[in-house]
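Data first, discussion second: the structure below is written as structure tokens.
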Amino acid sequence: MESNFLLRLLEYMAAAFIFVVGLGAIAIIVMYIVDRTQTKQAIRHNFPVVGRFRYFFEELGEFFRQYFFSMDREELPFNRAQRSWAYKAAKNIDNTVAFGSTRSLRPTGTTMFVNHPFPTLRADTAECCEQVIGPDCKHPYCTTALFSISGMSFGAISTPAIRALSNGARKAGIWLNTGEGGLSPYHLEGDCDIVFQIGTAKNGVRDLQGNLDDGKLFEAASHAQVRMFELKLSQGAKPGKGGILPGGKVTEEIARIRGIEPGKDAISPNRHLDIKTNDNLLDVIQHIRSVTGKPVGFKAVIADESWLDDLFSNICQRGTDSAPDFITVDGADGGTGAAPLPLIDDMGLPLRESLPMLVNKLIEHDLRDRVKVIASGKLITPADVAWALCLGADFCVSARGFMFSLGCIQALQCNKNTCPTGITTHNPKLQQGLDPSFKAERVANYAKNLCYEVGMIAHSCGVDEPRELSRHHVRVVMENGLSIPLHQLHPTPEPRHEPLTDS
């Protein structure tokens, strides 16, 4: 009996094996015919079936390079050492390292902070002082935030991601920028401070023709959490190109919040249709400020000193109350969910050039005290933020740093709706792994730990709090391998003493 049973089992197994092999053979034959007859891909036509492995290995290449072959400091846009710091900070675990630094101090452009022989004692340290943005507005914004969440729109990132960021921002005492997708209930859910970004499509505050709707603008401002409005002129990763949200990510809810059609690609204009001169820009800023009563500024990739001279001269002629309350300078090293390669690679100036350019021009035109400066663009570690403060930034913001705090693994699939961590996808199954309440704690931990270590750098430089850092506290390696102080590379100019008026 047992032998008969075993014999039948072997027969069934053999039949199943033959069946599977047969199916495999049929599949190979079908693939061979398809590959041989198609003309779109030469590799598959010339090497049927086998040629398919080329595309398979190309997909796997990103994974193997990231986890097996790249050194800690090699990858772009963020290397393993940077991501590791962000992950540990978000998890609130020990972030110390042993033996020695893996960072080379020899490449041209490397920055090094200047330690003081008598660093600041713990007893002498000070909290970040309160900053007031738009002091003459009906509703000025007062905050001690040093490092906040940059624009990531609802649509580009998922519902649980927005909810985690909103709640995390409240816990950390920082602000959350809506990005250009409008104000969603999930932004408001956490009861954090919010910066409402108005992109070129004016999503959320537009009429059916895409024009600014004062009624919707006033409605947005009526939320107590909305503290400022940011007019986005351009974005670091794609200056000269409007926002791009693929149709597959434009759900009914997202379309309703933005005021657009569901299921269709949301392509924002490459500039505001009603802003084509500096006068237009200042008029729109003043209009939004008058309707909302709240501080208004703009975000831009800055690469032209002459434009800044023209803009600031115009402000001086009009009067200081015509100036933006803040300017967010986004470097060409900024990130995005989707951008054309020529723009993401080759357009605009990196923050290391545009930030000192902006600060110096504000000083020249005697507007530095009037206009706050927010730095954005690849600032995810304490050294990044401390460096920006040394150059004159009042605040720093980051999007990708906070994405790492949510669990981003730099899979580079933000534009495909297939994000494996649930951050940039609207696939419910992929979103299940992103618990908003749990991730909110990590968002808050990341912000708090970064600010703590920025303070540690400041104290090592001998100042009491981070905003006391200056260009004297950083040195930059030059081509000869030696370093010079940052204030020699970017000297602070004298004000021009242009005639200022107060309208």
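Among the residues of segment 144-167, at least one is out of contact with any Lys or Arg (no Cβ under 9 Å at 6 or more places or on another chain) and surrounded by fewer than 14 Cβ atoms within 10 Å (Cβ to Cβ). Specify the residue that is modelled with the highest pLDDT; the eligible residues are those in segment 35-45 that are loosely packed, with under 13 Cβ neighbours inside 10 Å and not hydroxyl-bearing (S, T, Y). By that ranking, first place goes to Q38.
You will find that of N480, N427, N417, the residue that is over 23 Å from T178 (Cβ atoms), assigned by TED's automatic domain parsing to the domain that holds D333 and either in contact with a Lys or Arg (Cβ under 7 Å, 6 or more places away or on another chain) or without any contact (Cβ under 8 Å) to a residue 24 or more places away in the chain (or both) is N480 and no other.
If you go through segment 89-121 and pick out every residue that is in a helix (DSSP H, G or I) and free of Cβ contacts under 8 Å to residues at least 40 places away in the same chain, you end up with 0. Has segment 204-211 got at least one residue that is of a type in the set (D, E), at pLDDT below 85 and assigned by TED's automatic domain parsing to the domain that holds D304? So far as segment 204-211 goes, yes, one or more of its residues are of a type in the set (D, E), at pLDDT below 85 and assigned by TED's automatic domain parsing to the domain that holds D304.
Can you pull out the residues in segment 464-489 that are surrounded by fewer than 21 Cβ atoms within 10 Å (Cβ to Cβ) and either among the small types (G, A, S) or in a loop (DSSP other than H, G, I, E, B) (or both)? Answer for segment 464-489, where residues must be surrounded by fewer than 21 Cβ atoms within 10 Å (Cβ to Cβ) and either among the small types (G, A, S) or in a loop (DSSP other than H, G, I, E, B) (or both): D464, E465, S470, M478, E479, N480, G481, L482, S483.
Does A458 satisfy the criteria of being part of a helix (DSSP H, G or I), touching a Pro at 6+ places or on another chain (Cβ under 7 Å), surrounded by 20 or more Cβ atoms within 10 Å (Cβ to Cβ) and touching a residue at least 12 places away in the same chain (Cβ under 8 Å)? Spell out how you get there, then give the answer.
Working: part of a helix (DSSP H, G or I): yes; touching a Pro at 6+ places or on another chain (Cβ under 7 Å): yes; surrounded by 20 or more Cβ atoms within 10 Å (Cβ to Cβ): yes; touching a residue at least 12 places away in the same chain (Cβ under 8 Å): yes.
Answer is yes for this residue.
Of all residues in segment 261-284, those that are crowded, with 18+ Cβ neighbours inside 10 Å and either in contact with a helix residue (DSSP H, G or I) (Cβ under 8 Å, 6 or more places away or on another chain) or of a type in the set (S, T, Y) (or both) total 6.
A single member of F395, F404, F438 is touching a helix residue (DSSP H, G or I) at 6+ places or on another chain (Cβ under 6 Å) and of a type in the set (F, W, Y), and it is F404.
Restricting to segment 64-95, what's the tally of residues that are aromatic (F, W, Y) and at pLDDT 80 or above? Show your work before the answer.
Of all residues in segment 64-95, those aromatic (F, W, Y) come to 64, 67-69, 78, 85, 87.
If we keep only those that are at pLDDT 80 or above as well, we get 85, 87.
Residues meeting the conditions: 2.
A quick yes/no check of all residues on (1) assigned to a loop (DSSP other than H, G, I, E, B); (2) over 21 Å from S166 (Cα atoms); (3) touching a residue at least 24 places away in the same chain (Cβ under 8 Å):
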| residue | (1), (2), (3) |
| --- | --- |
| F218 | no, yes, yes |
| Q235 | yes, yes, yes |
| K241 | yes, yes, yes |
| R256 | no, no, no |
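For P48, are the conditions met, namely being outside any helix (DSSP H, G or I), surrounded by 10 or more Cβ atoms within 10 Å (Cβ to Cβ) and modelled with pLDDT of 80 or more? Yes, satisfied.
The residue that is modelled with the lowest pLDDT, among those in segment 227-249 that are in contact with a helix residue (DSSP H, G or I) (Cβ under 8 Å, 6 or more places away or on another chain) and surrounded by fewer than 22 Cβ atoms within 10 Å (Cβ to Cβ), is G240.
The values are calculated or read from the model by the stated rules, or taken from the named source; none is laboratory data. Here the structure is a predicted model, which is why all the values come from computation and not from measurement. Cβ atoms come from the backbone with ideal geometry, glycine included; neighbour counts cover every protein chain shown.
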